[in-house]
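Down below is the structure, laid out as structure tokens.
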Amino acid sequence: MGNIDSRAKFEGGYLFVKTDKPFYYPNNIVYGKIYIRAEVPLQPKDIEIQVKGKEETFFYTEDGDDGEGNPNPKKYWTYTKDHIKFKATCFSFPLNYGPLNPGDYIIPFEFKLPDNIPASMLFEYGGISDGLKMDEANAKKYNFVEPHCEVKYSIKAFLNFVDREKSAIY
């Protein structure tokens, strides 16, 4: 597994999730792998994945003065919306599986995104990701200052144990 991010560490090993693409669209099938490094024998029960999606937009405008001679009062605009949230078991270890011995393991997973969610994307002033663009002229036309819009999906894996209350999470 090479060098592992310290956030993937749990008591007894490491847990890491990787998907096949950085951006997704409605109806896409998400393919990924859950990487487990067991440093000691573990008693796993199952692996769950949790998917969350959130849209966030914010910017501010500067409009003339505030009527008291103060130039460019700022008006802040924000918008957030949760688009998806689910948690499901993606792999169950057999009941009499015994310990997961020290070593590296890879568990593939896949699921289909609903057709009524927005595509993942990131837009920031002066930057472009996944086909969105706002140039300086349009930003000035609409009086936007430092606009930011993001639709982001996150996937977490939970390695649940037979003999522990606490799950390993990444």
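When region 82-107 is limited to residues that are aliphatic (A, V, I, L, M) and not in a loop (DSSP other than H, G, I, E, B), the one that is most open to solvent (accessible area, probe 1.4 Å) turns out to be I106. Of all residues in region 14-32, those that are assigned to a loop (DSSP other than H, G, I, E, B) and either over 22 Å from E55 (Cβ atoms) or within 11 Å of the chain's Cα centre (by Cα) (or both) total 3.
Restricting attention to region 11-32 and to residues that are closer than 14 Å to K156 by Cβ and in contact (Cβ under 8 Å) with a residue 24 or more places away in the chain, the residue that is surrounded by the most Cβ atoms within 10 Å (Cβ to Cβ) turns out to be L15. A single member of Y60, Y14 is of a type in the set (S, T, Y) and modelled with pLDDT of 80 or more, and it is Y14. Scanning region 90-103 turns up at least one residue that is more than 16 Å from the chain's Cα centre (by Cα), on the phi > 0 side of the Ramachandran plot and modelled with pLDDT under 80. For region 33-56, the set of residues classified as β-branched (V, I, T) and surrounded by 15 or more Cβ atoms within 10 Å (Cβ to Cβ) consists of I34, I36, I47, I49, V51, listed by residue number.
The values are calculated or read from the model by the stated rules, or taken from the named source; none is laboratory data. Values in this document were obtained by computation on a predicted structure and should not be read as measured data. Here Cβ is always computed from backbone atoms with ideal geometry, including for glycine, and neighbour counts include all displayed protein chains. We work out accessible area using only protein heavy atoms, side chains counted, and drop any ligands, DNA or RNA first. Shrake-Rupley method; radii C 1.70, N 1.55, O 1.52, S 1.80 Å.
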